[in-house]
Structures are given as structure tokens and as C-alpha cells.
Amino acid sequence: MLTVQELNQEFGNSEIRFYTDSHGMACAELNNPMAKAEIALNGAHVMSFIPKGQEPVLWMSKKSYFESGKPIRGGIPICWPWFGGHPCNSDMPSHGFARISVWEVVASGNCEDGATFLELALTPGLIADEFKTNNFLVKLRVEVSDKLSTALIIDNCSDKDLSYSAALHSYFNISDIANIKISGLDGKAFIDTLDDTNYVQHGDITFAAETDLVYLDTEDTCIIDDPGFKRKIKVSKTGSCSAVVWNPWDAKAQRMPDFGDTEYHKMVCVETTNAENDARTLAPNECHTLQVIIESETGV
Ligand code: TA6
């Protein structure tokens, strides 16, 4: 792995800076006239996105772990190659190994539209032995402008099929969970994982209790309407036909060691997924991209 100094020499520029944060983690800061973002190499984890003049768009727990081998609670965790529990081995970590592995930086620079980008990669050589699987190349491309684009690119470099489920498990910073509403999923079928029952969404989503819903057959854009922050966060996507909406509420928040007891008031997850009937199987040399584009509009 390159040192922070070597990363700055090879991939740094006036808008891209690598540093070791207060927890000892190697991170990158992408900072341009439109916005700033921070990315940890641990899990290729986008930890913050702040458009100029705005409140942070992504939420981070004050009790999050920031150490190798542990997931970060907030920002955009990458769930891969399985979403939720492992399909047949409950000893395996929740949401896969990508978010607890250290990724390497492979490219950086500036786009024609003024965005600043960073690309990180995960290969079998970077993952712990107990997770060894077929040969693959997974990349994360992050582009920062007045939007945040995060694209997970899965390349099956093996001679066997590669089956997986995945999520860009975005945590959004909101003023008050009791006052927001989410639109874009009206009429969509969903599984309520709390009672394992199928339902159909009627109207906007609002919150009054623990919520853990998997929406099916939807490629649609979601909008988080936050009257308290006077803003709307638009969550659009490509390569995804499912979505998850989550808030742990009080009891589950108290059971999670890396989540503050009352922090559920200030966050909501709207996740861009390949889950349930949207899980994917790539043939040898086939590639798939799961992308989320996050935009925040104020004064609305
Ligand atoms: O995406 C929703 C979910 O699967 C919930 O069931 C909840 O457990 C959440 O993810 C967080 O999972 P984690 O493994 O990060 O604690």
C-alpha cells in the first residue's frame, strides 16, 4: 500500500489531498469550488459530502468506529458481495467484506464538467483469507461537483459466474425524522423486513417507528423533502431496480454500539441496491455498474 505522502505525490493535486485522520485512517479530501467530500480508503467509504454554503448532506454517527476491520456508521458504506446477512453462512459479516477491507487508489483527476474524481479498487489480494472467492475487480468511482456521483463497478475477471447482491447504503443528514417525507416509491411493491410481509406503497413515506423496507422493481428517483433544513435531497441512480429505506428508531438504536441512542432523529437511509430479485449474476468477463447520484436543492 502507498503511504499518504506517496499518494499525494502520485494522485494529489490542488483539489485532491490525502491525509491521515485523527483515528489514524488514510483518507482523501476532494475540495473544489462547488463542494467538498472526504473518502476513507477503509471500505472506499465516502464519509462526507458538503456542497458549498450547505449543511452536510451525508450523516455520520458520533459513535462510529474508525478502525480497520470495522464498518463506519454513516456516509456511504459499500455492501458487497452480499447485502444483509450472508446467504448461507451466518458467521460471515453483515453486508459483506467490501466495507471492512482497505481499498487502493488507482486514479484521480478533474473532469471536463469541473468535477473532481477519485477511483479506488478492491481485488482478491486485498481481502482477508476467509473471504477468498472467484477472481474479481471492483472499483469505486467518486465524482464531486454540485452533485455527488458514486459508482460501484463490478468486473467478473474469473472463468466462473459471479453472483452477488449489493448496496450503496447512503445515510442522509436530516433535520428531524418526524417531519421529513420521501417521494418516488408510490405504487411500488415492498418487503417489510420487520414482519417479512409484502405490501404496496401508497403515497409518500413518513416515519413514526422502526422502518426497514426493501422496494422492488423500481429504477425511480427518490426525493427526501426536509422542511427543517428547507431542502430536498434527490437520490437518482443507474444499474439498480431495487431500493431500501431504513431508520432504526429508538430500541434498535440502543442495541447498536456504534450508534447514539437518540441519533435516529437526525438520519435516514435511502439505499441504492441490487437486492432480493435484483441480485445479479455476471458471466465470465461481464461487468455491471451500480451508481447513485445525490443532489441537494435548498430554499424549497
Ligand atoms: O439496510 C438496512 C439494513 O439491512 C438494516 O436491516 C440494518 O441492519 C442496517 O442495514 C444496518 O446494518 P449494519 O450491518 O450496518 O448494522
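Compute the Kirkwood hydrodynamic radius of the stretch 113-152, taking the inverse of the mean of 1/r over all pairs of distinct Cα atoms, and give it in Å to one decimal. Radius from the Kirkwood sum: 11.8 Å. Restricting the calculation to Cα atoms, the chain shows an Rg/Rh of 0.94 when the hydrodynamic-style radius is the Kirkwood one.
Globularity index of the stretch 65-180 is 1.18 (Cα radius of gyration / 2.2 N^0.38 Å, N = number of residues).
Dividing the helix sum by the residues of the chain, where each DSSP H run of 4 or more adds -39500 (n - 2.57), gives a mean residue ellipticity at 222 nm of -1500 deg cm²/dmol. Each Lys and Arg Cβ is given +1 and each Asp and Glu Cβ -1; about its Cα centre, the stretch 1-145 then shows a dipole of about 440 debye. For the stretch 82-88, putting each phi into the Karplus relation 6.51 cos²θ - 1.76 cosθ + 1.60 with θ = phi - 60° gives couplings of 9, 9, x, x, 4, x, 9 Hz, in residue order, rounded to whole numbers and with x for Gly and Pro. Evaluated with a Cβ-only charge set (Lys, Arg +1; Asp, Glu -1), the chain carries a dipole of roughly 500 debye about its Cα centre, given to the nearest 20. Taken one residue at a time, the phi angles of the stretch 141-157 give Karplus couplings (6.51, -1.76, 1.60, θ = phi - 60°) of 10, 10, 10, 10, 9, 6, 10, 10, 9, 10, 10, 9, 10, 9, 10, 8, 8 Hz. Gly and Pro are set to x.
Note on the stretch 1-88: the alpha carbon radius of gyration divided by the globular reference 2.2 N^0.38 Å gives 1.19. Residues Arg141, Arg73, arranged from fewest to most other Cβ atoms within 10 angstrom of their Cβ, appear as Arg141, Arg73.
For the stretch 106-256, the Kirkwood hydrodynamic radius comes to 18.2 Å, computed from all pairs of different C-alpha atoms.
Protection proxy ranking for 3-9, 147-153, using the average of other Cβ atoms within 10 Å per residue and placing the highest first: 147-153, 3-9.
Size descriptor for the stretch 215-300, Kirkwood hydrodynamic radius: 15.0 Å (Cα pairs only, one decimal). Here the dipole of the stretch 158-218 is about 200 debye; that uses its Cα centre as origin and unit charges on the Cβ of Lys and Arg (positive) and Asp and Glu (negative). Distance from the C-alpha centroid of the stretch 87-124 to that of the stretch 150-215: 20 Å, rounded to the whole angstrom. Shown for Ile78, Ile50: other C-beta atoms within 10 Å of each C-beta, ranked fewest to most, produce the order Ile50, Ile78. Around the amide H of Trp59, modelled in the peptide plane, lie the amide H atoms of Gly75, Tyr171, Phe172, Asn173, all under 5 Å away and 5 or more residues distant in sequence or on another chain.
Charge tally around Ala44: other residues with Cβ under 11 Å, Lys/Arg +1 each, Asp/Glu -1 each, net +1. With 21 Å as the limit, the listed pairs Lys70/Lys252; Lys188/Lys266; Lys63/Lys237; Lys70/Lys147 have Lys188/Lys266; Lys63/Lys237; Lys70/Lys147 beyond it between alpha carbons.
No value in this document is a laboratory result; all are computed from the given coordinates. Since we're looking at a predicted model, the values are computed, not measured. Using ideal geometry, Cβ is built from the backbone for each residue, glycine included, and neighbour counts are taken over all protein chains shown.
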